[in-house]
1. Residues in the range 344-360: is at least one part of a loop (DSSP other than H, G, I, E, B), modelled with pLDDT of 50 or more and open to solvent by less than 40 Å² (accessible area, probe 1.4 Å)?
2. For the range 67-90, which residues satisfy the criterion of being more than 20 Å from Gly103 (Cα to Cα), open to solvent by less than 10 Å² (accessible area, probe 1.4 Å) and at pLDDT 80 or above?
3. In the range 533-546, what residues are buried (at least 20 other Cβ atoms within 10 Å of the Cβ) and modelled with pLDDT under 95?
4. For the range 14-58, name all the residues that are modelled with pLDDT under 80, out of contact with any Pro (no Cβ under 9 Å at 6 or more places or on another chain) and in a loop (DSSP other than H, G, I, E, B).
5. Residue pairs, Cβ under 8 Å, 6 or more apart or interchain, first in the range 100-118 and within 27 Å of Ala270 (Cα to Cα), second open to solvent by 40 Å² or more (accessible area, probe 1.4 Å) and of a type in the set (A, V, I, L, M, F, W, C). List them.
6. Inspect the range 477-499 for any residue being without any contact (Cβ under 8 Å) to a residue 12 or more places away in the chain and not acidic (Asp, Glu) and give the result as yes or no.
7. Search the range 119-167 for residues being open to solvent by 10 Å² or more (accessible area, probe 1.4 Å), part of a helix (DSSP H, G or I) and among the charged types (D, E, K, R), and hand back the single one that is modelled with the lowest pLDDT.
8. Would you point out the residue of the range 625-647, among those that are in a strand (DSSP E or B) and among the small types (Gly, Ala, Ser), that is nearest to the chain's Cα centre (by Cα)?
Amino acid sequence: MPPLRSTGPGPEAERPGYAGRYRLEECLGSGGMGVVHRATSASGLRIAVKVVHAQYAADPEFRARFRQEVNAARRVSGAFTAPVVDADPDAELPWMATLFIPGDTLAAQVKRDGALSTADVRRLGAGLAEALCDIHRAGVVHRDLKPSNVLLAEDGPKVIDFGISRPFDSELRTETGKLIGSPPFMAPEQFQRPREVGPAADVFAMGAVLAHAATGRGPFDSDSPYIVAYQVVHDEPDLSGVPDELVPVIRHCLAKDPAHRPSPTEVLEALRRPSDPPHVPAQRGPGPDERVPARRGGGSRGDGARPADSTARLRVPTEDKARTSGEARMGTTGAARLRLSGRRPRAILAAVAGVLLIGGVAALTTGALLPGEERQPSRPTDAKAGFSPWSVRLDTAGGTPSTCASGTGALFCVTDDGVVARLDPANGKAVWRRTTGARPKAPVAVSGGLLHLTMDHRLEALDPRTGKARWTSDTRGYSVVERSAAMTLLTSSDGRVRALDSATGRQVWSRRIGGPGTQWVAGDARTFFTATPTADGSVTSVGAVSASDGTVRWSVRVAGDLRPVAGGTSAVHLLSVGLDQLADEVVRIDTDDHAAHRFPLPTPVDQAEATESDGTVYVYAAGGALVAVDTRAGAKDAVRWRRDTAVSRPSRPVTVGGTLYFTAPDGRLLAVSRRTGAPVGQTRPRPDASSGRVVADLPSPVPLDGRIYATAPDGTVFGVDGSHPEDW
């Protein structure tokens, strides 16, 4: 969405309410087409929600354009573009939610502080070129790149607002006579041949944006949009004041003929001086479903990706070929400022990756389980193991991946509308299926030898052999917060805790422990751990609770706002989060002497979560950063590696042997080396292209007997051989 100017609040800004399942907490501003509110998801994700004004919601053409905006944003991938976390273009008031990241727009910063330094313009240009590579690879033309649509976040620039973007193959046409774009940053062909606009128009706009950043004004400035249009089409750009070393690349971008402009990759190379560190890693090549269409009429260039022999694919286990990524917020401005001078963009350090935008949060339609092969196995069947990769589809109308869990040698999956099925892990065939008639409120889980489903006001446990209910517990006033192999914990907002035997549903004990902010994590079979921060987040009480009777075995106060990651017999691991809500440290508390050990992250990361295995904590962030921290080492040697995995908002990873597995919002399953972080394999994307909804929280993949099972937005559940990710 365009940055919001003070045009006064619209009627929607005055009344609180909801957009889908998100309560609109604060109005950030009102623009010409809608209102942006701050909101928080159920998992604590800070988001900005754009709600369309009522008068536009009634316009079918505008709805179609808004749906196109959502779909365009979903197709884009990258470190410097805007990940959508949820959307509903068909709501009474259409809305779209993106990650919220504090930061000014380029327009606001230049207006307040003047032109950027030469070094900062270089870094800005590298980020914008990277963003266009991702946008064009996804088959999208932005068509409105301008300073007010560039958000200066702390980890690098973000391209926002896909309101007039369209895919190369879009059939939605602009009405004759309508000017679509912002004249000072539009390419000549946008005035002359608007229906033939291709990726090269975005390169032209990037040149104009860089000129604006370097001088404080555009290369075709005028008070009259008609004069601007004439200058763009006929006159040479005014580059006076642009540093000499930047003039050639900017002038090249501003070529009148689209065919004479550089590709984004060429701009990236031109802006990277030999003395500069390689802060923007090489791009991965487009996959089978990501090919950029051929340019039309020889006039429009693609993203300029290098030939296949020099382009890094994520599946290639080469350490220097992971791509940068990040996260973006809708065009709302915040208090934070971009601090570029004297340091590399934080996207390099903080990005696990580029994209993926993104499946749906709409309801799944109850229906039959329809097994069907989607492709031939990538490698011959392992006769010894008797296993071939498979894929089946659970009927879906909304694009939300099913959640799955393993237990008793079987695979169990449940759809968003409550269809639960047991699948044979060898071939994906349904052993049984059952319709619960209610939407699950948490991922399916196996505990106490039973399959647990969490629904509104009840917890239901099913027999894994038959799917029949074994017991049901009323959970009114409580939330399911944690499970161990044999115990399920329910907590209330005032700190009351009920512990249920997962096998029988019988209440084992009930106590008041902690308070509203207490978080729980399971340890070994005998212990749960708690973390309760003070109101100001300056200190957290970390304790060990007996699973058998709820007694607090020990408790220790540790500085900082700590969030539990994982517990074990010898230690509990937590993340430390600062006042800016960025995770800055991994903390290990030993269970024997309760000593706290702190391991600073190289760069604080936003919306961080983590998983732990064998003493190493893998921290991953909404923007894509993946960092391995070995808490058994000294603080100086703790960070084993930092990686960019080309995935924005990945699922929680799981570890099996020497490999870390996670899923992406476009349905890919990815594998990276636990030792080096190098990518070792990925499956093809499986997005639900027909849905306007996207996935906020992705289910983790499920390991079982050396195989890995995952779900995708297109409704499929698939299984692959975990020992050969390079052949996926």
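1. no
2. Asp86, Ala87, Pro89
3. The one that is buried (at least 20 other Cβ atoms within 10 Å of the Cβ) and modelled with pLDDT under 95: Pro533.
4. Arg15, Pro16, Gly17, Ser41, Ala42, Ser43, Gly44, Leu45
5. none
6. No, there is no match, as no residue in the range 477-499 is without any contact (Cβ under 8 Å) to a residue 12 or more places away in the chain and not acidic (Asp, Glu).
7. Among them, the one singled out is Arg123.
8. Top of the filtered list is Ala625.
The values are calculated or read from the model by the stated rules, or taken from the named source; none is laboratory data. As the structure is a prediction and not an experimental result, all values here were calculated from the model. Note that each Cβ is placed from the backbone with ideal geometry, even for glycine, and that neighbours are counted across all protein chains shown. Side chains are part of the model used for accessible areas, which takes the heavy atoms of the whole protein and leaves out ligands, DNA and RNA. Shrake-Rupley method; radii C 1.70, N 1.55, O 1.52, S 1.80 Å.
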